[in-house]
Each structure stands twice: as structure tokens, then as C-alpha cells.
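Student: Dumping the structure here so I can ask a few things about it.
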Amino acid sequence: MANEKTPARFYVDSLVHDTDALNLLLKLFGAKRVALGSDYPFPLGEAEPGKLIESMGNLSAKDKTQLLSGTAHEFLRLNH
């Protein structure tokens, strides 16, 4: 969804509580630099982490997978 030519040099999380804010993060940083976020163990964020991402109809299945797990796996250098 974003400019994949120049990836951000840092990672951000998806816990923004708003689809417009998440769309802005994706536009600025790209799905490969946005990881699923939560406020666990504090009940400040989504009751079900990832529900906002899954509800966004403008995201492709590939972008949703990237946000929900792919970015974290790549950041942590885990095989997925």
C-alpha cells in the first residue's frame, strides 16, 4: 500500500485506534514497517488485537498478513 522504494529506517506499531491513522502509517512507512501492536497486559487498546486491521476493507489479504505477523517475523528474523 505504501512507498516500498524507500522503506522507513524504523518500525512502528498498528495500535492507533483509528483506521485513518493506520492508513497514514501505511502510506508513510509501508506494511513491511508496521507491526501488530497491543497494550497487553493493560486493557487500553483493542479487546482483540488485530481486529482493526482485519476490519479494513481497503487492505489486501497480503497486507493484512504482513501487518498481523509478517513484519514481526521479519524484525525478529524468525522463519514463517
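Values quoted throughout were computed directly from the atomic coordinates according to the rules given, and no laboratory measurement underlies them. Everything quoted here is computed from the prediction, not taken from an experiment. Neighbour counts are summed over all protein chains in view; Cβ atoms, including those assigned to glycine, are modelled from backbone coordinates with ideal geometry.
Student: Tell me the Kirkwood hydrodynamic radius of the chain in angstroms, computed as one over the mean inverse distance between distinct C-alpha pairs.
Tutor: 12.7
Student: Using Cα-Cα distances under 8 Å and only pairs 6 or more residues apart, what relative contact order does the chain have, in percent?
Tutor: Relative CO of the chain lands at 32 percent.
Student: Take D39 and S60, extend 7 Å from each Cα along the Cα→Cβ direction, and tell me the distance between the two endpoints in nm.
Tutor: Using points 7 Å along Cα→Cβ, the separation is 3.3 nm.
Student: FRET efficiency for R77 and V12, Cβ-Cβ distance as r, R0 = 22 Å, nearest 0.05?
Tutor: 0.75
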